[in-house]
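Each value in this text was obtained by applying a stated rule to the coordinates, not by laboratory testing. What you see is a predicted model; the values in this text were computed from it and never measured. Cβ coordinates were reconstructed from backbone atoms using ideal geometry, including for glycine residues, and neighbour counts include every protein chain displayed.
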Ligand code: GLU
């Protein structure tokens, strides 16, 4: 089956390195550490799809289930031409840690299909999604493993998964997947939830740093689901969006611009690049701009030992998973940059996924305000808890978040014991 080698630094090795650092700091039982480095289950499947040209193309899909100490596995499915196994493994581990940081009754999972969705028709994507669901049907389920959107997947793909799963079982089972369209049991507020959580965590960080959000400058890497809504939501606090980017490059105007207008431009031209009154910057340059707040909202491995010393932002809110390596973390910490780590900063997505799942299981639907208020409370509580550990233990926020999560996970594993 097709496997793509991961770029360096290998994300799984990064995840293990993060676990090692925290395990040493908190004197975690080495047996628990050993367990956490090994996902419970990995399934790799071939997905044959008859393409629009009449020929069959076989895609490779994977689902990795990391931990089920608290409840079902939970995590998104990403479609990307370069998605690699060790990346999905790392993402599954980070999902476990993330769920534990915010105290959700889930363990982590992640899925991926090696494909380029930008070059596929809607019908090809639908066939691929449905066949993938069919291939993993035995290991997913509302009490087993609940998928969700991730990079280049959205409510549309979730609706196909829901339909395929329900047709196979013979009745409607909306709780099989989260991030669905509202029409089939999706939750109000889910679409913006990841970004809302990121913005809440940046706001809390700004309070601690005594940084006034009014007129604070913001650069956002990535202008997809997370980046775009982060831009509009943080603007509501009076921040100035001065730079954004997508896979084709970035734009910069120190005076700021309206992200809604940039979105219109992207819809017309396919990219943010070329938006009126802005200067073109690369994705790498965007990270080093003189801004107050930096929100990486694209992929892993963006802030590395090499560029970390040049980061000028005071606060980094990680909307993406895994954007910063452990070496870069140390440099940023020494330089006084306040990093709200992915496992806290982007936990809003899975938090509202949990709310969607609860609404589906109870056949209830909550108002958008109810969802947003619950999200606000959970994010602030998690931030406070992590911040307390950060101060008490004199460690950066990522290590502090891991400490909070690993305590919960270790306790659950110890109480359950190892089968048989
Ligand atoms: N893909 C998102 C994440 O990385 C959401 C996962 C979910 O809602 O299950 O957190």
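Taking square-rooted eigenvalues a ≥ b ≥ c of the alpha carbon gyration tensor, is region 29-122 rounded, prolate or oblate, where a/c under 1.5 means rounded and, failing that, a/b exceeding b/c means prolate? Prolate, since a/c reaches 1.5 and a/b exceeds b/c. In this simple spin-label approximation, residue 358 and residue 335 carry label points 7 Å from Cα along the Cα→Cβ vector, and these lie 4.0 nm apart. Considering only 275, 223, 383, the Gaussian network model of the chain with Cα springs below 10 Å gives its largest mean-square fluctuation to 275. Looking at the chain, the DSSP beta bridges with both ends there are about 50 percent antiparallel. Averaged over residues, the count of other Cβ atoms within 10 Å places the peptides 137-145, 411-419 in the sequence 137-145, 411-419, highest first. If you plug the beta carbon distance of residue 261 and residue 43 into 1/(1 + (r/R0)^6) with R0 = 51 Å, you get a FRET efficiency near 0.70.
In this structure, residue 377 and residue 52 have a Cβ-Cβ separation that, at R0 = 45 Å, corresponds to a calculated FRET efficiency of about 0.45.
Can you tell me how region 220-260 classifies by the Cα gyration tensor, rounded, prolate or oblate, using a/c under 1.5 as the rounded cut? Oblate is the answer for region 220-260, as a/c is 1.5 or above yet b/c matches or exceeds a/b. For the chain, the mean residue ellipticity at 222 nm estimated from helices alone is -14500 deg cm²/dmol, where every DSSP H run of n ≥ 4 contributes -39500 (n - 2.57) and the total is divided by all residues, rounded to the nearest 500.
Between residue 134 and residue 7, the distance separating the two model label sites (each 7 Å from Cα on the Cα→Cβ line) works out to 3.4 nm.
The ranking of 384, 258, 246 from fewest to most other beta carbons within 10 Å of each one's beta carbon is 384, 258, 246. Could you calculate the FRET efficiency of residue 369 with residue 31 from 1/(1 + (r/R0)^6), where r is the beta carbon distance between them and R0 is 35 Å, rounded to 0.05? With R0 = 35 Å, the Cβ-Cβ based efficiency is 0.20. With 0.36 nm allotted per residue and the present C-alpha distance subtracted, the residue 310-residue 156 stretch has 51.5 nm of extension available.
Within region 84-99, what residues put their amide N at less than 17 Å from the label point 7 Å along the Cα-to-Cβ vector of residue 116? Flagged as within label range: 84.
By DSSP, the beta bridges lying fully in region 106-253 are antiparallel in about 50 percent of cases. Based on the Stokes-Einstein relation at 20 °C and a viscosity of 1.002 mPa s, and on the Kirkwood radius from alpha carbon pairs, the chain is assigned a translational diffusion coefficient of 100 µm²/s. The distance linking region 265-281 with region 159-203 is 30 Å (Cα centroid to Cα centroid, whole angstrom). Residues considered: 174, 11, 48. Largest GNM mean-square fluctuation over the chain, using C-alpha springs under 10 Å, is found at 48.
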